[in-house]
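Engineer: Handing you a structure now.
Every number in this text was worked out from the coordinates using simple rules, so none of it is lab data. All values derive from a computational prediction rather than experimental measurement. Cβ placement follows ideal geometry from the backbone for every residue including glycine, while neighbour counts extend to all protein chains displayed.
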Amino acid sequence: MKTLIRILLVLVLVLLVVAGVGLCYLFLVYPVSQPPSAIKIEATPERLARGEYLALYVSGCIGCHSEPDTGKFSLPIKPGTHGKGGELFDEENGLPGKIYAKNITPAGIGSWTDGELLRAMTAGVSRDGTPLFPIMPYPHFGTMAEDDVHAIIAYIRTLKAIENTIPARTLNFPMNLITRTIPGPASFKPRPSPSDKVAYGAYIVNAASCGDCHTPIDDRGQPLPGRDFSGGQTFKNLATHFRVNSANLTPDADTGIGSWTEQQFVDKFKGFETPSNADLSPTEQTQNTMMPWTQFAGMTREDLAAVYAYLRTLKPVTNRVTKFPDAQPGGGQ
């Protein structure tokens, strides 16, 4: 018996040593990161205009880092909150912990260098070396054209400073360790010519991270193979707790956008360009959506047409989605 106890104690000791070495390796080697560059981005009028367009209407930077008006359709940005941060993303939407959008106004990042912002946005490593959780879509931004990311940074610098202390995130085990392994160097790619509608549409879809919301995932948060853009991922409005499922964007004729014309697709977005300021009734809230229609409506018709052209090239996937599962019978189908 004593011999068995000694053996068990030795095994426990070995496991503790191996675990300790593994943790040391994880914290010493990851995240894979390069020092921030010494770049200084010039805020030209052209760059600021491009950055405003991307940050507000394409890449969702301002939408995620502002306060949403949960009482109105599509959760538009509350006036005067642009970039202040603080929105919570947590377990109710399938995330492994509590993650808060950072304050990206000059009150929050005014002391950051352009190189530090560029590294955080495209390589997923914060100023202090902390790995960012990829709800911040740095894997997408890191494959955009570098001059487009520069434009976003230049525009963000112009936001009104808003003091707002953001709580620290908490990630559940083991994601708190796995997150360290996700960041990697950016691999910038040239922006395709708008004349190549499919390639340019793919570029805009990546910049807008459309697939992150419109691809179904398993119980571990991993995309289901062969189901890209087929919809059905569930989101919950944290203010009302009503659910909404993302739409099928594949060109399936019955359950996706296969029967849509380009004009119908573009008009669907542009119809929200002038949002209503009306507060939704309790019944209407059951059919509210987290799809940022009122932000994407600011995209040009040419860019939206390019998005449509790219989506039409995807593999059709049959997946009939009930958009609003908490709506009253007959509503939201």
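Engineer: Please work out the Kirkwood hydrodynamic radius for the chain, using every pair of different C-alpha atoms, and report it in angstroms with one decimal place.
Structural biologist: Its Kirkwood hydrodynamic radius stands at 21.7 Å.
Engineer: What is the ratio of the Cα radius of gyration of region 205-244 to 2.2 N^0.38 Å, where N is its residue count, to two decimals?
Structural biologist: That works out to 1.26 for region 205-244.
Engineer: Further question: Could you name the lysines whose alpha carbon sits less than 20 Å from that of K268, not counting residues in the same chain fewer than 8 places away?
Structural biologist: Output for K268: K72, K197, K323.
Engineer: Taking amide H positions as placed in the peptide plane 1.01 Å from N, state which residues far from I217 in sequence (5 or more) or on other chains have amide H under 5 Å from it.
Structural biologist: Sorted by chain and number, the residues that satisfy this are L224.
Engineer: Across every pair of different alpha-carbon atoms, what Kirkwood hydrodynamic radius in Å does region 148-211 reach? Display every interim value, and only then the final one.
Structural biologist: Working: mean 1/r = 0.0633 Å⁻¹.
Radius from the Kirkwood sum: 15.8 Å.
Engineer: Multiply the residue gap between D147 and E302 by 0.36 nm, knock off their C-alpha separation, and tell me the result in nm, one decimal place.
Structural biologist: Contour length minus Cα-Cα distance gives 53.8 nm.
Engineer: If the label point is 7 Å along Cα→Cβ of D90, which residues in region 220-248 have backbone nitrogen under 14 Å from it?
Structural biologist: Residues passing the 14 Å test: 236-241.
Engineer: Would you list which lysines come within 18 Å of K102, measuring only between C-alpha atoms, while excluding same-chain residues fewer than 8 positions from it?
Structural biologist: K78, K84, K160
Engineer: Here is a follow-up. Once the piece of chain linking S37 and D228 is laid out straight, how much longer is it, given 0.36 nm per residue of separation minus the C-alpha distance between them?
Structural biologist: Here the answer is 65.3 nm.
Engineer: Once both labels are modelled 7 Å past Cα along the beta-carbon direction, what's the E46-D267 spacing in nm?
Structural biologist: 3.6 nm
Engineer: Could you run the Karplus curve 6.51 cos²θ - 1.76 cosθ + 1.60 with θ = phi - 60° over region 252-266 and give me ³J(HN,Hα) per residue in whole Hz, x for Gly and Pro?
Structural biologist: 5, 5, 8, 10, x, 10, x, 9, 7, 8, 4, 4, 5, 5, 5
Engineer: Further question on the same structure: Note the per residue figure in Å³ for the convex hull of the C-alpha positions in region 192-333.
Structural biologist: Values: hull volume 17.4 nm³, N = 142.
Here the figure is 122 Å³ per residue.
Engineer: Over region 40-190, what per residue volume does the convex hull of the Cα atoms give, in whole Å³? Write out the running numbers ahead of the final one.
Structural biologist: On the way: hull volume 17.7 nm³, N = 151.
Given the Cα convex hull of region 40-190, per-residue volume reads 117 Å³.
Engineer: Once R0 is set to 25 Å, what does the formula 1/(1 + (r/R0)^6) return for the Cβ-Cβ distance between V198 and S259, expressed as a FRET efficiency to the nearest 0.05?
Structural biologist: Efficiency at R0 = 25 Å is approximately 0.80.
Engineer: Once you treat every alpha carbon in region 58-105 as an equal point and sum by Debye, what is log10 I(q)/I(0) at q = 0.31 Å⁻¹?
Structural biologist: -1.11
Engineer: Regarding region 76-149, what are the three Cα extents along the principal axes, ordered largest first, in Å?
Structural biologist: The Cα atoms of region 76-149 stretch 34, 29, 24 Å along the principal axes, largest first.
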